[in-house]
Amino acid sequence: MLAAGVVALAAGTYAFRWAGPALRDRVRLPERVVWLLEIGAVVLLTALVAVTTLPLGTADLGFAVPAGVFAGGLVAWFRRPILLVILAAAATTAVLRYIGVS
C-alpha cells in the first residue's frame, strides 16, 4: 500500500512538472486569478511561519525562535536571496541559544 502511494505521488508530481511547460502557451489565466494565486502563496508562507514560530500551547519557545524569525524577516525585507534569509534566521536562533537565551 505504501509503495502504491509513493508511485502515485511521484506520477502526480511528474505530471505537474510536465504540465507547466507543456501548457504555457495554451492556457491563459485571467489577471484576477494570477493575482489570487500570488496572494495565496504569500498567505500559505505566512501561515507556515506562524505555525512554526508560535508555541500554540505545545511548548514555550522563549525568545530565540521569534528573534530568529524577526532576523530572517528583516533580511527578507531588504530583498536578499532566500538562502541568506534562512541562514540569518538560523544563525540568530543558534547564537541566542548558545549564549543561554532560550
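The values are calculated or read from the model by the stated rules, or taken from the named source; none is laboratory data. Only a predicted model underlies this, so the values are computations on that prediction, with no experimental measurement involved. Every residue, glycine among them, receives a Cβ derived from its backbone with ideal geometry; neighbour counts consider all protein chains shown. The area values use the complete protein model at the heavy-atom level, side chains included, leaving out ligands, DNA and RNA. Shrake-Rupley method; radii C 1.70, N 1.55, O 1.52, S 1.80 Å.
State the number of residues belonging to the stretch 91-102 that are modelled with pLDDT of 90 or more and either over 14 Å from PRO66 (Cβ atoms) or out of contact with any helix residue (DSSP H, G or I) (no Cβ under 8 Å at 6 or more places or on another chain) (or both). Working first, answer last.
Taking the stretch 91-102 and keeping what is modelled with pLDDT of 90 or more, we get 91-99.
Okay, now just the ones that are also either over 14 Å from PRO66 (Cβ atoms) or out of contact with any helix residue (DSSP H, G or I) (no Cβ under 8 Å at 6 or more places or on another chain) (or both), so 91, 94-95, 98-99.
Number of matching residues: 5.
Before we move on, is VAL7 part of a helix (DSSP H, G or I), within 21 Å of the chain's Cα centre (by Cα) and either at pLDDT 90 or above or surrounded by 11 or more Cβ atoms within 10 Å (Cβ to Cβ) (or both)? Show your work before the answer.
Details: part of a helix (DSSP H, G or I): yes; within 21 Å of the chain's Cα centre (by Cα): no; either at pLDDT 90 or above or surrounded by 11 or more Cβ atoms within 10 Å (Cβ to Cβ) (or both): yes.
No; evaluated as a whole, the condition is false for this residue.
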(message) Any residue at all in the stretch 52-63 that's open to solvent by 60 Å² or more (accessible area, probe 1.4 Å) and more than 25 Å from TYR98 (Cβ to Cβ)?
(response) yes
(request) Kindly indicate which of LEU74, LEU84, LEU96, LEU29 is open to solvent by less than 100 Å² (accessible area, probe 1.4 Å) and in a loop (DSSP other than H, G, I, E, B). (result) LEU29
